[in-house]
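The values are calculated or read from the model by the stated rules, or taken from the named source; none is laboratory data. Everything numeric in this text was worked out from a predicted model, so none of it was measured. Don't worry about glycine lacking a Cβ; one is built from the backbone with ideal geometry, like all the others, and counts go over all protein chains shown.
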Amino acid sequence: MVVILKENPDPRQLDNLTKWLQSQNLQIHTSSGVHQTILGLVGDTSCVDMDLIRALDIVEDVVRIQDPFKSANRKFHPLDTVVEVGNAKIGGGNFALIAGPCSIESEAQIISIAEEVKKSGAAILRGGVFKPRTSPYAFQGLRAEGIKLLLEAKKETQLPVVTEIMDISQLDLFADIDLIQVGARNMQNFELLKQLGHCQKPILLKRGFASTIKELLMSAEYIMAGGNNNVILCERGIRTFETATRNTLDLAAVPMLHSLSHLPVVVDPSHATGIARLVEPMTMAAIASGCDGVMIEVHNDPAHALCDGPQSILPEQFDAISRRAAILRETLKK
Ligand code: PEP
Ligand code: MN
């Protein structure tokens, strides 16, 4: 349920209304726009008398929201949410390129890629250390040692960093990580989502490869229900009957998510296609669809990468994409 207030509500009446709603065990999310303030009510609103609230002097209207996601809902929070990741911003007109290797393999590898992608305009450095691999015999990531290397690259370049968490027991290692990724395979690990809701770090929530847009939003809701509103959604391709690409990049999800939710939306063309030469065209398409950022896998030696080499591009290719992305973004503003 949302309560739409009239312009410049009397502070005393607003305080009385807030206290009364809280006494009904409802959580209140206040969203203040230039002309209008909206109170989003979360909890069991079935017993709330809408007519009583509507009759108050300071209230313009009361609307019941049918969608099961509340905090993530644009009706609750009409303005775009801007998530700050270190010194980078994503959402509400702020665009960020996230780049780096699928997996951190060595100090020399991550530092050199970090320096290159920074030069080319990346705002955030990625690097996996806890890797969710289909085969238990495949490279599983450098784990705690990898976090240390990622933090060294952060120190060298001053870039904020993102890496994936697979289990809440790893959270202590993430103290200096700027953005915590929840991967596609964990999008519905509800216990993990609940725990991440209790920290205030930004979360990059990737869409599960067999998950609907609504399910992605419900997973965001799990994090936000715990009090953490710093959620960035990521479209990374879904599994369809098509086998020519690793996944099918669902770009309609970008404007659809933007209409349903105020959260920023990032696109990952690397995992979506699985093919390096498709990364550039799909990055451009993602930008044209209105996304708030793109996450790209970059490797200095894709042929020998320990994970996801076929979809990884070289730093010079990333440089070209970054330039063309900037031109496209300028063109779209006209
Ligand atoms: C990744 O970003 O490294 C990754 C494993 O992605 P996803 O969870 O989308 O497969
Ligand atoms: Mn990968």
Pairs with Cβ under 9 Å, 6+ apart, first in segment 93-104 and part of a strand (DSSP E or B), second within 15 Å of ligand 1 (Cβ to nearest atom) and of a type in the set (Asp, Glu): Ile98/Asp268; Ala99/Glu297; Gly100/Glu297; Ser103/Asp308
Helices (runs of 4 or more DSSP H) within segment 228-334 that include 2 or more residues of a type in the set (A, V, I, L, M, F, W, C), touching a residue at least 24 places away in the same chain (Cβ under 8 Å) and buried (at least 19 other Cβ atoms within 10 Å of the Cβ): 253-260, 279-288, 315-333
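Taking only segment 75-92 into account, find how many residues are outside any strand (DSSP E or B) and surrounded by 16 or more Cβ atoms within 10 Å (Cβ to Cβ). Talk me through it step by step, then tell me what you get.
Taking segment 75-92 and keeping what is outside any strand (DSSP E or B), we get 75-82, 86-87, 92.
Cutting the leftovers down to surrounded by 16 or more Cβ atoms within 10 Å (Cβ to Cβ) gives us 75-77, 80-81, 86.
Within segment 75-92, residues that are outside any strand (DSSP E or B) and surrounded by 16 or more Cβ atoms within 10 Å (Cβ to Cβ) number 6.
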Which numbered condition Asn189 fails, given (1) crowded, with 16+ Cβ neighbours inside 10 Å; (2) without any contact (Cβ under 8 Å) to a residue 12 or more places away in the chain; (3) away from ligand 1 (no atom under 16 Å from the Cβ): (3)
Filter pass, Gln181 being touching a Cys at 6+ places or on another chain (Cβ under 9 Å) and either surrounded by fewer than 24 Cβ atoms within 10 Å (Cβ to Cβ) or not in a helix (DSSP H, G or I) (or both): yes
Sole exception among (1) in contact with a helix residue (DSSP H, G or I) (Cβ under 6 Å, 6 or more places away or on another chain); (2) over 19 Å from Ala184 (Cα atoms) for Pro269, by number: (2)
Among the residues listed as Ala138, Ala122, the single one being in a loop (DSSP other than H, G, I, E, B), out of contact with any helix residue (DSSP H, G or I) (no Cβ under 6 Å at 6 or more places or on another chain) and either of a type outside the set (A, V, I, L, M, F, W, C) or within 23 Å of Glu280 (Cα to Cα) (or both): Ala122
Number of positions in segment 148-163 that are surrounded by fewer than 22 Cβ atoms within 10 Å (Cβ to Cβ) and under 23 Å from Ile223 (Cα atoms): 1
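Given the criterion at pLDDT below 90 and out of contact with any helix residue (DSSP H, G or I) (no Cβ under 8 Å at 6 or more places or on another chain), identify the matching residue among Val63, Val34, Val42. Reasoning before the result, please.
Working: Val63 fails: at pLDDT below 90; Val42 fails: out of contact with any helix residue (DSSP H, G or I) (no Cβ under 8 Å at 6 or more places or on another chain).
Only one candidate qualifies: Val34.
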Matching residues in segment 32-44 - criterion: being out of contact with any Ser or Thr (no Cβ under 7 Å at 6 or more places or on another chain) and crowded, with 17+ Cβ neighbours inside 10 Å: Leu41
